1. Which of (1) more than 8 Å from chain A (Cβ to nearest Cβ); (2) modelled with pLDDT of 90 or more is the odd one out, the single condition residue B:123 does not satisfy?
2. Which residues, taken from the stretch A:349-381, are more than 7 Å from chain B (Cβ to nearest Cβ) and in contact with a strand residue (DSSP E or B) (Cβ under 9 Å, 6 or more places away or on another chain)?
3. Under 6 Å between Cβ atoms, at least 6 apart or on separate chains: pull out the pairs that start in the stretch A:324-347 with a residue that is without any contact (Cβ under 8 Å) to a residue 12 or more places away in the chain and end on any residue that is in a helix (DSSP H, G or I).
4. Could you tell me whether any residue of the stretch A:110-127 is facing chain B (nearest Cβ under 9 Å), more than 25 Å from the chain's Cα centre (by Cα) and in a helix (DSSP H, G or I)?
5. Do we have residue B:192 as closer than 30 Å to residue B:163 by Cβ and touching a residue at least 60 places away in the same chain (Cβ under 8 Å) here?
6. Test residue B:154 against the stated conditions and say whether it is modelled with pLDDT of 85 or more and over 29 Å from residue A:87 (Cα atoms).
7. Can you tell which of B:304, B:311, B:269, B:294 is surrounded by fewer than 22 Cβ atoms within 10 Å (Cβ to Cβ) and either at pLDDT 85 or above or at the interface with chain A (Cβ under 9 Å from one of its Cβ atoms) (or both)?
8. Can you confirm whether the stretch A:58-80 contains a residue that is surrounded by 14 or more Cβ atoms within 10 Å (Cβ to Cβ), touching a residue at least 40 places away in the same chain (Cβ under 8 Å) and out of contact with any strand residue (DSSP E or B) (no Cβ under 8 Å at 6 or more places or on another chain)?
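The values are calculated or read from the model by the stated rules, or taken from the named source; none is laboratory data. Owing to the predicted nature of the structure, the values given are computational and were not obtained by experimental measurement. All Cβ positions, glycine included, derive from the backbone under ideal geometry; neighbour counts span all protein chains shown.
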């Protein structure tokens, strides 16, 4: 596989796309072909299943590539495949059903295991090992991360401020806007203006706002400083001012997330039965009372979903810091520190993993909440 | 034929007229409910929301000398516009030209959108319509992975790509050997595919599982196998869901910075990464940053405006079920 990708890298880039998609298409076609043939009855098909069950695991190992001293893995994979074949012969769903299920699930499950499950576990272990991974160091990496030179405490506080402020404001503004456009003309057009930033990258949004907050000597070209000057104030170099920069960068994220909140909440508001709204009107409720007593209770589940989603986004915010302050002037956050430590020379692997674990702990409540929800839903079905 | 005897208009015209009547009725009810105050408030927020983007857009068309000596709002009194910023930016060479990085973004985004969708469809179908032991547990696990911050997975995955896996002293998987190989996108494609799978499986599963049971039962009675049902029934019906996720994934990959920062090998960065570097190195060269930013924004905005309906549907499906 290594040599295939190295060969691929020598091709012109657009041709690479064609080749990789063609190879992928062949693999998927083979999988689908096997899925189709797997459950068929007859001696020929049984032999076919046996051959596939033994050959495919061996081929996968060979394609991934093994060194000479690990060739024993090939027969091992083949034996495991044969075991699956024997299991499949007694399958409850009929012969071939387990192999068929494996063909459906294996590619995705394998990639998830390699790409997310294994790295997550590895990172958690690495957080307690020395930088070269050779010995257990206990909590030393966490001590290192939180040592004054690494601004760990500051990064954590900033990160928590991001996670608390962003979802509250983005959801609140999104909700207000959804309520306003629901009662105004030209709703569709108005929605686009607030929704558009959702499609813009955080890097793009950061540069847009870096210009908005721009500070220079003499004539101001940034809108914010121009407003300050208009009111007779002295221009400020916003992004270099500690704490102010974090507040302003949070605005960038709010700017991109409000559209998301607005679209979801707007859909929820439209789902509130008309009778409820009309009934409250007949009862003489004014607009604010109607909002508080009819709209809010009607869309509470959506508000929670939006809030959680945006909180998760703001946990992972790396792009905004990277494209603006690069963590200078007390603006750094955990997710930025994590990459910075990793890119240090030599890489601070342990410290970087410790930052990732801190991030993971911050996200754990959301993860448990979400997993619980989905579990309930599936058991309820 | 009978229909045309009764009503000389074509079915299409009738449909159009009906829709027009419905819209009119909707607008009537809307007019009754709409208030001037709400409209004004909405317009004010919309204007505030647009000013930052608009400012940089105007700037990207101004002469480089004008940009730093006067605010962009002066163009209304003193227009002096040019498109040369865009030409200069495309040819601007940092570690690579901006034009090259734009091409790199395209090369990255196409496979990184198509491959996870295909793999997720297979898994989503199995989750929805094949019974097996431990299905719910596996599904909750996949769903949980969706929230895991990719930061947690980055470094071990990179090590996996570069040094492989050793168990004891046996090198089981020797790695991809792509460190510093110019022109290779393999690591970014693979990383994006892996990170996309949880959400892809979840969204497509929700849609596929909601397909009517009757159709599936009927197909089974007619002797269709899982393979045929998947190919002939599920794939065509799931097209809207596929489109929704494709847009989400396209935007996610095109706009991504973190995965590109970690997994680029050699100097073939996508445009987001190059822009971030330019913003650090040439922070005050606004002719360059403004034009570069808008070049990077164009493809997602095209996708956004062309397929907005699917995009909204994707967001709704992704969030409301969670």
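1. Unmet for residue B:123, out of (1) more than 8 Å from chain A (Cβ to nearest Cβ); (2) modelled with pLDDT of 90 or more: (1).
2. Listed by number, the list holds a single entry, A:350.
3. A:342/A:352; A:342/B:155
4. No: the stretch A:110-127 contains no residue that is facing chain B (nearest Cβ under 9 Å), more than 25 Å from the chain's Cα centre (by Cα) and in a helix (DSSP H, G or I).
5. Against the criterion (closer than 30 Å to residue B:163 by Cβ and touching a residue at least 60 places away in the same chain (Cβ under 8 Å)), residue B:192 qualifies.
6. Criteria met by residue B:154.
7. B:304
8. Looking through the stretch A:58-80, none of the residues is surrounded by 14 or more Cβ atoms within 10 Å (Cβ to Cβ), touching a residue at least 40 places away in the same chain (Cβ under 8 Å) and out of contact with any strand residue (DSSP E or B) (no Cβ under 8 Å at 6 or more places or on another chain).
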